[in-house]
Each structure stands twice: as C-alpha cells, then as structure tokens.
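Note sheet for the following structure.
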Amino acid sequence: MIVTSMNPSEYNFQRCKLCGKIAAEPVYDLSDYIIYSCQNCDFHFLNRLDARAEKGINTPHLNSASRNYIESRIDESAHLHPQRLEFVQRYINLSNRKALDVGAGLGQFQLLLQADGAEALGIEPSAIRREYALEKFGINLHSKLVDNDYWQLNFPRNFDLITLWDVIEHVDFPRETLQSAIKLLKPGGFLFLDTPSRDVLSYKLSQQLYRLSSGKMSLFLPNFYSSAPFGHKQIFTLTQLSGLFQDLGLEIIYKAKSYSNNPERGNKIILAGKKR
Ligand SMILES: [Zn+2]
C-alpha cells in the first residue's frame with residue numbers, strides 16, 4: 001500500500017482510516033492532539049502518525065538507562081501472556097505450527113509459543129526491545145514491519161497463526177496492517193488479537209463531559225490515546241473491529257471483553273478470526 005510509506009504530513013485526516021471515506025471531522029481537541037471521528041462509521045483516531053522516515057534513523061540503543069526502564073516495566077503485561085497462550089491453544093495445537101507474533105515486545109510470547117512446540121517468529125519495531133530480547137532470551141526479533149516486502153514476498157500464505165497483542169491501537173493504518181498480516185496466513189489459519197475497547201463507561205462519560213463542558217474537560221480521554229511515537233492512535237469498538245475482520249476475509253470464531261472467567265465484562269476487545 002502506498003499509504004503506509006507516506007510522510008505523515010501528507011495524510012489528510014478527513015480520510016477515515018477505517019472506512020476510507022472523506023468523512024472524518026476533528027471532534028475532541030486535547031491540546032497536544034486532536035481526535036477525529038468519522039461521520040460515516042464513527043471510527044475515532046488521532047491526527048498523528050509515526051513518521052516512517054524516522055524509523056530506524058538515530059535509533060537509540062540498549063544502555064543501562066533503557067535496560068532499567070525495560071526491567072521496571074517487564075512485569076506489567078507478563079501476567080497476560082499465559083492467558084493469551086491459553087486462548088490460542090483453545091483453537092490450535094501448536095506443535096510444529098508456524099507462528100508469527102507481530103509487535104513482539106521483548107519476545108516473551110514467542111518464547112511461550114516455542115515452548116509449546118511452535119516454530120515462531122516475531123516482529124518488533126523498537127531496536128531497544130529487540131536488543132533486550134536477544135540479550136535476555138537469546139531471541140532474534142525481526143525489525144521489518146509486516147507490510148514490508150520481506151514478509152509479503154517471502155512468506156505469503158505461510159503461517160498457521162498470527163498474533164497481535166496490544167498492537168492494532170498503535171499502528172498508523174490498522175486496516176492495512178491487518179490486511180498485510182492476513183496475506184501471510186494460510187487458508188484456514190488463525191489470527192488472534194487484543195486491544196483496548198472504546199465500549200467502556202469511562203470513554204462514554206468522557207465524551208459526554210467534553211460536550212457538556214464545551215471542550216474544557218476531557219476526563220479520561222487522554223488515558224486512551226498518546227501522541228508519543230508508537231503511542232495509541234485509535235481505539236476501536238467491538239463492532240468496528242469485528243466488521244473489519246469480516247471485510248478482510250476472516251470468519252470471527254470468538255469475541256470477548258476480558259480473559260477472566262466473565263468474558264462479557266472487561267475493558268478489552270479480544271478476537272479470534274479464521275481465514276476463509
Ligand atoms: Zn469511517
């Protein structure tokens with residue numbers, strides 16, 4: 001897609017990143033960024049993109065400060081990985097299966113896949129995290145993104161499963177990222193993801209308060225987004241993300257809001273799709 005190599009300043013944010021229509025308008029001005037809302041499909045996204053040109057240039061390397069930072073946060077999502085593995089195992093026996101973890105972080109999920117017999121690869125754009133994964137776990141994560149020719153030309157219809165844990169809210173163009181990932185799946189292969197949900201009371205209350213206060217109060221809206229590089233650029237509703245799965249040729253085989261015993265209550269979107 002031409003759009004993914006675009007300079008961010010060239011993107012017209014009136015073009016909805018989900019439905020593609022020129023129907024998005026700035027609705028929530030949070031001073032250091034603006035949330036656009038599509039009048040056609042109600043998708044919400046920031047007027048921010050990660051400059052592709054910046055990626056890989058002046059990349060910081062692992063040093064004692066970044067190592068300490070990573071280690072201070074290493075446990076934050078550690079409890080989720082076993083839950084994610086259990087979720088995946090419900091649908092697929094991992095023994096000798098080919099797996100790709102997109103947005104692999106430090107590679108912990110890849111380790112779990114490998115321990116269960118899968119032949120797993122991982123993609124991680126952050127050089128610091130890749131270096132840490134190599135140093136700590138001996139894992140070589142790939143730097144090239146899933147839409148890169150490296151994957152698209154060498155691995156079409158190759159993987160039995162692809163996972164994107166807390167990834168789709170960070171990417172510049174979620175539709176194109178998912179489409180690129182699905183091209184790498186075998187027919188009948190599985191795509192699993194999780195991401196924060198917009199269908200939560202704190203988001204709805206924040207929208208109401210913003211309107212009632214004529215933009216003076218945004219309450220929790222800034223908790224959902226970030227203008228930092230690789231920050232949260234879009235937050236989906238379950239209906240929007242389910243619709244996108246179906247548009248892109250995935251049959252939805254599971255949806256939930258949490259990994260807990262009560263999957264109907266939670267603040268996440270958890271989806272499993274099967275490629276037709
Ligand atoms: Zn739209």
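So, counting K/R as plus one and D/E as minus one, what does the shell of residues with Cβ under 12 Å around Pro187 add up to?
Values: positive: Arg157, Lys183, Lys186, Lys274, Lys275, Arg276; negative: Asp160, Glu251.
Residues near Pro187 contribute +4 overall.
In whole Å, what three semi-axes, largest first, describe the equivalent ellipsoid of the range 137-209 built from its Cα gyration tensor (square root of 5 times each eigenvalue)? Before the final figure, lay out the partial values.
Values: eigenvalues 177, 39, 30 Å².
Here the semi-axes work out to 30, 14, 12 Å.
Per-residue counts of other Cβ atoms within 10 Å, averaged by peptide: what ranking do you get for 212-219, 93-100, highest first?
On the way: 212-219: 11.8, 93-100: 17.5.
Sorting 212-219, 93-100 by mean packing, highest first, produces 93-100, 212-219.
Once the convex hull of the alpha carbons of the chain is built, what does its volume come to per residue, in cubic angstrom?
Details: hull volume 37.1 nm³, N = 276.
Per residue, the Cα convex hull of the chain comes to 134 Å³.
Could you please tell me the mean projected area of the C-alpha convex hull for the range 61-133, averaged over all directions and given in square nanometres to one decimal?
Values: hull surface 19.0 nm².
If you wrap the Cα atoms of the range 61-133 in a convex hull and average its projections, you get 4.7 nm².
Above 17 Å lies some portion of the pair distances; for the range 79-188, what is it as a whole percent of all C-alpha pairs?
Details: 3091 of 5995 pairs.
Every Cα pair in the range 79-188 considered, those over 17 Å come to 52 percent.
For the range 177-276, go through all pairs of different Cα atoms, get the mean of 1/r, take its inverse, and jot down that Kirkwood value in Å.
One over the average 1/r among Cα pairs gives 15.1 Å for the range 177-276.
Please determine, in degrees from 0 to 90 and to the nearest 10, the orientation of helix 64-73 with respect to the longest principal axis defined by the Cα atoms of the chain, where the helix direction is its Cα long axis.
The angle comes out near 80 degrees.
What area, in nm² and to one decimal, does the C-alpha convex hull of the range 235-276 cast on average over all directions?
On the way: hull surface 11.6 nm².
Mean projected area for the range 235-276: 2.9 nm², to one decimal.
Report, to two decimal places, the Cα Rg of the range 99-158 normalised by 2.2 N^0.38 Å (N = number of residues).
Computed over Cα atoms of the range 99-158, the ratio equals 1.08.
Sum -39500 (n - 2.57) across every DSSP H segment of at least 4 residues in the chain, then divide by the residue count to get the 222 nm mean residue ellipticity, nearest 500.
Values: 9 runs with 81 residues, N = 276.
Mean residue ellipticity at 222 nm (helix-derived): -8500 deg cm²/dmol.
Among Val88, Val171, which comes first, second and so on when ranked by fewest other beta-carbon atoms within 10 Å? Walk me through the numbers on the way to the answer.
Working: Val88 22, Val171 25.
Starting with the residue having the fewest Cβ neighbours, the order is Val88, Val171.
Against the longest alpha carbon principal axis of the chain, how many degrees, from 0 to 90 and to the nearest 10, is the axis of helix 127-137 turned?
Value to nearest ten degrees: 40.
Averaging sequence separations of C-alpha pairs under 8 Å and six or more residues apart, then dividing by the length of the range 137-227, give the relative contact order as a whole percent. Intermediate values should be presented prior to the final figure.
Numbers: 89 pairs, mean separation 23.1, N = 91.
Relative contact order of the range 137-227: 25 percent.
Provide Asp116, Asp75, Asp172 in ascending order of the number of other Cβ atoms located within 10 Å of each residue's Cβ, fewest first. Walk me through the numbers before you get to the answer.
Values: Asp116 16, Asp75 8, Asp172 22.
Starting with the residue having the fewest Cβ neighbours, the order is Asp75, Asp116, Asp172.
Enter the angle in degrees (range 0 to 90, nearest 10) between the Cα long axis of helix 201-212 and the first principal axis of the Cα atoms of the chain, meaning the one along which they spread out most.
20
Phe43's amide H: which non-local residues (gap 5+, or another chain) put their own amide H closer than 5 Å, with H modeled 1.01 Å from N in plane and none for Pro or chain starts?
So Phe43 has HN proximity to Cys38.
Under the classification rounded if a/c is under 1.5, otherwise prolate if a/b is larger than b/c and oblate if not, where does the range 14-169 fall, given a ≥ b ≥ c as square roots of the Cα gyration tensor eigenvalues? Walk me through the intermediate numbers first.
On the way: a/c = 1.83, a/b = 1.40, b/c = 1.31.
Prolate, because a/c is 1.5 or more and a/b exceeds b/c.
How do Leu49, Leu201, Leu85 line up, fewest other C-beta atoms within 10 Å first?
Values: Leu49 20, Leu201 9, Leu85 16.
Ranked by crowding around the Cβ, least crowded first: Leu201, Leu85, Leu49.
Taking amide H positions as placed in the peptide plane 1.01 Å from N, state which residues far from Ala104 in sequence (5 or more) or on other chains have amide H under 5 Å from it.
Correct list: Ile123, Glu124.
Based on the mean of other Cβ atoms within 10 Å per residue, sort peptides 250-258, 191-199 so the most packed one is first. Let's see the in-between values first.
Working: 250-258: 16.4, 191-199: 22.2.
Taking the mean over residues of other Cβ atoms within 10 Å, the ranking is 191-199, 250-258.
Counting only DSSP beta bridges with both residues in the chain, what percent are antiparallel, rounded to the nearest 5? Let's see the in-between values first.
Details: 24 of 40 bridges.
Expressed as a percentage, antiparallel bridges in the chain total about 60.
Quick note: the coordinates plus some simple rules give every number you see, no bench work behind them. Fair warning: this is a prediction, and the values are worked out from it, not measured in the lab. In this analysis, Cβ positions are derived from the backbone assuming ideal geometry, glycine residues included, and neighbour counts consider all displayed protein chains.
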